[in-house]
Amino acid sequence: MSRCASAQYIISLLESFAPKKMAIEGDPIGLQVGSLNKPVKKVMIALDVLESVVDEAIEGKVDLIIAHHPLLYRPLKRIDINTSKGKVIEKLIKNDITVYAAHTNLDVTSLGVNEWLADQLQLTSTEVLSTTYEDKLVKLSVFVPRTHEDQVRVAIGNAGAGHIGNYSHCSFSSNGIGTFTPLEGTEPFIGKQGELERVEEVKIESILPESIVKVVVSAMKKAHPYEEVAYDLYPLLNKGEELGIGKIGKLPKEMDLQEFVEHVKTAFGVSHLRVIKGKNSIIKKVAVVGGDGNKYIYPALHKGADVLVTGDIYYHNAHDAQEEGLTIVDAGHHIEQIMKIKLKDILEEKLMNNKYETVVVESNINTDPFTFM
């Protein structure tokens, strides 16, 4: 009998690196249709939830669709099955397919859409284009018997604790004596019920982002030998990682505009794109924003970008950018489809590592509404 993960567990894996609190305020992310309280044999990753995508899911016996763009982006006053949206919802419910949206939280996280787009453009020395969220820091202190010190230290480090700059697995240890009395009903790893026990223990301290506290604490408890683990979590005033919309970085080498345009086409597999020509004929510093880039023209200018690569630019905003001297390459909103294979690979690896047999697939439907003629 196959061991399938629950929908709730799969979403917890996603939210371990793209939690809801990272989303832009008002973004309708999360559960859209169906229930998370069910086993999932197959997950499909999609950019959009169109009727053709739902038909693909039905044919493939998919239980859960994780989409980047919310199906219910605007509130519905009614579900009329004679409308296109109503038909989609009807098919989803009748076929017990759950839909979950990870939108701007997947854009903002350091392991997300804008990072993947920047990687695809081969940008180096990247930083956030427009900060929207700071991942606050927390200190974890845990008390461990000396026999299991290394086991616990490695476990919390592997789970993401102890990253300081370009160093990982950073921690500090101090020795001491722990005391406890196992009461009735306990099965102590060390000691006997009703007797005060004194144990040589090590206090391990490490720093971690608030967003991964649950993951690190879970890994710590799995590695720890005690029934009841003694640990503390302290909020810190140290500045955490700044996250936000878009990335800005440098190309491996300078390119003229025509060369860069071909580079973008190759990177994202597009045959056509729109270009607003600015003052820079040589491209070195590149800003990239998946989706609507209209709000990020001035942040790109402020950070010295030679070009902004994005998916949607309005006519009058294009004039503003041109007058300011910023070149823009509008490669289409559909370039965000990169999230399908990237998110598939991440969830697939996490499920396999935890011995689940749930299958993860990507939607093969092209949801780009534009045709060049």
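The values are calculated or read from the model by the stated rules, or taken from the named source; none is laboratory data. Since the structure is predicted, the reported quantities are computational estimates derived from the model, not experimental observations. Cβ placement follows ideal geometry from the backbone for every residue including glycine, while neighbour counts extend to all protein chains displayed. Just so you know, the surface numbers come from the protein's heavy atoms only, side chains and all, with ligands and any DNA or RNA stripped out. Shrake-Rupley method; radii C 1.70, N 1.55, O 1.52, S 1.80 Å.
Note the angle between two axes, namely the Cα long axis of helix 257-268 and the longest principal axis of the Cα atoms of the chain, as a number of degrees from 0 to 90, rounded to the nearest 10.
50 degrees
What is the gain in length, in nm to one decimal, between Lys42 and Lys21 on full extension, counting 0.36 nm per residue of separation less the C-alpha to C-alpha distance? All intermediate terms of the calculation are to be shown ahead of the outcome.
Numbers: separation 21, 0.36 × 21 = 7.56 nm, distance 2.67 nm.
That works out to 4.9 nm of additional length.
Could you identify which residue out of Asp80, Asp292, Asp306 has the top mean-square fluctuation in a GNM of the chain using Cα springs shorter than 10 Å?
With Cα springs under 10 Å in the chain, the top fluctuation among Asp80, Asp292, Asp306 is at Asp80.
I need the Kirkwood Rh of the range 283-373: take the reciprocal of the average 1/r across all distinct C-alpha pairs and report it in angstrom. Before the final figure, lay out each step's value.
Numbers: mean 1/r = 0.0650 Å⁻¹.
Evaluated over the range 283-373, this radius sits at 15.4 Å.
What is the angle, in °, between the Cα long axis of helix 315-324 and the longest principal axis of the Cα atoms in the chain? Nearest 10 is fine, range 0 to 90.
Helix 315-324 sits at roughly 80 degrees to that axis.
After finding the eigenvalues of the alpha carbon gyration tensor for the range 177-262, what semi-axes result from the square roots of 5 times each, listed largest first in whole Å? Intermediate results must be reported in sequence, preceding the final value.
Details: eigenvalues 528, 37, 25 Å².
Working through the eigenvalues yields semi-axes of 51, 14, 11 Å.
What percentages, rounded to whole numbers, describe P(r) for the range 201-327 computed over all alpha carbon pairs with 10 Å bin width beginning at zero?
That works out to 10, 32, 18, 13, 16, 9, 2, in percent per bin.
For the range 125-218, what does the relative contact order come out to in percent, with C-alpha contacts under 8 Å and a separation of six or more?
Values: 146 pairs, mean separation 36.9, N = 94.
Averaging sequence separation for qualifying contacts and normalising by length gives 39 percent for the range 125-218.
Is there a pair in Lys91/Lys355; Lys20/Lys42; Lys265/Lys285; Lys265/Lys340; Lys20/Lys342; Lys91/Lys342 whose C-alpha atoms are over 21 Å apart, and which pairs would that be? Show your work: numbers first, answer last.
On the way: Lys91/Lys355 31 Å; Lys20/Lys42 23 Å; Lys265/Lys285 18 Å; Lys265/Lys340 19 Å; Lys20/Lys342 19 Å; Lys91/Lys342 27 Å.
Where the Cα-Cα span goes over 21 Å, the pairs concerned are Lys91/Lys355; Lys20/Lys42; Lys91/Lys342.
Hey, if we sort Lys340, Lys87, Lys61, Lys284 by accessible area with the 1.4 Å probe, largest down, what's the order?
Values: Lys340 15, Lys87 85, Lys61 155, Lys284 60 Å².
Largest accessible area first, the list is Lys61, Lys87, Lys284, Lys340.
Could you do me a favour and compute the accessible area per residue for the range 224-297, 1.4 Å probe, result in Å²? Spell out each step's value before the answer.
On the way: 4040 Å² over 74 residues.
That works out to 55 Å² per residue.
Mind jotting down the distance between the C-alpha centroids of the range 283-351 and the range 206-233, whole Å?
37 Å
If you take every residue apart from Leu123 with its C-beta less than 11 Å away from the C-beta of Leu123, what net charge results, scoring Lys and Arg +1 and Asp and Glu -1?
On the way: positive: Lys247, Lys250, Lys284, Lys285; negative: Glu115, Asp119, Glu127.
That works out to +1.
Pick from Lys285, Lys239, Lys85: which residue has the top mean-square fluctuation in a GNM of the chain where Cα pairs under 10 Å get a spring?
Among Lys285, Lys239, Lys85, the largest mean-square fluctuation in the Gaussian network model of the chain belongs to Lys239.
Which whole-Hz ³J(HN,Hα) couplings does the range 286-292 yield from phi under the Karplus relation 6.51 cos²θ - 1.76 cosθ + 1.60, θ = phi - 60°, glycine and proline marked x?
Per-residue couplings from phi come out as 10, 9, 9, 9, x, x, 5 Hz.
Each residue of the range 359-373 in order: what ³J(HN,Hα) in whole Hz does its phi give by Karplus 6.51 cos²θ - 1.76 cosθ + 1.60, θ = phi - 60°, with x for Gly and Pro?
Coupling constants for the range 359-373: 8, 10, 10, 10, 5, 9, 7, 7, 9, 5, x, 9, 10, 8, 10 Hz.
Hey, what's the Kirkwood Rh for the range 32-138 if you take every pair of different alpha carbons, in angstrom? Don't jump to the answer; show the numbers that get you there.
Values: mean 1/r = 0.0632 Å⁻¹.
Mean inverse Cα-Cα distance, inverted, gives 15.8 Å.
Please express the shape of the range 116-174 as an equivalent ellipsoid: the semi-axes are the square roots of 5 times the eigenvalues of the C-alpha gyration tensor, given largest first in whole angstrom. Display every interim value, and only then the final one.
Values: eigenvalues 212, 40, 16 Å².
The answer is 33, 14, 9 Å, longest axis first.
What net charge is computed for the residues neighbouring Lys136, neighbours being all others with C-beta under 14 Å from the C-beta of Lys136, Lys and Arg scored +1, Asp and Glu -1?
On the way: positive: Lys21, Lys139, Lys239; negative: Glu134, Asp135, Glu210, Glu241, Glu242.
So the surrounding residues net to -2.
Can you give the helix-only mean residue ellipticity at 222 nm for the chain, where every DSSP H stretch with n ≥ 4 adds -39500 (n - 2.57) and the sum goes over all residues, rounded to the nearest 500 deg cm²/dmol? Intermediate results must be reported in sequence, preceding the final value.
Working: 11 runs with 107 residues, N = 373.
Roughly -8500 deg cm²/dmol at 222 nm, from the helical runs in the chain.
Which value, in Å³ per residue, describes the convex hull spanned by the Cα atoms of the range 81-218?
On the way: hull volume 29.2 nm³, N = 138.
Enclosed volume per residue, from the Cα hull, is 212 Å³.
If Lys and Arg each add +1 and Asp and Glu each add -1, what is the summed charge of the other residues whose beta carbon sits under 12 Å from the beta carbon of Glu228? Working shown, then result.
Working: positive: Lys221; negative: Glu187, Glu227.
Net charge around Glu228: -1.
Mean separation of Cα pairs under 8 Å and 6+ residues apart, divided by the residue count of the chain: what relative contact order is that in percent?
Details: 756 pairs, mean separation 77.0, N = 373.
This gives 21 percent for the chain.
Counting alpha carbon pairs within less than 8 Å and at least 6 residues apart, what relative contact order, in whole percent, applies to the range 254-346? Display every interim value, and only then the final one.
Working: 155 pairs, mean separation 30.1, N = 93.
Reported as a whole number, the value is 32 percent.
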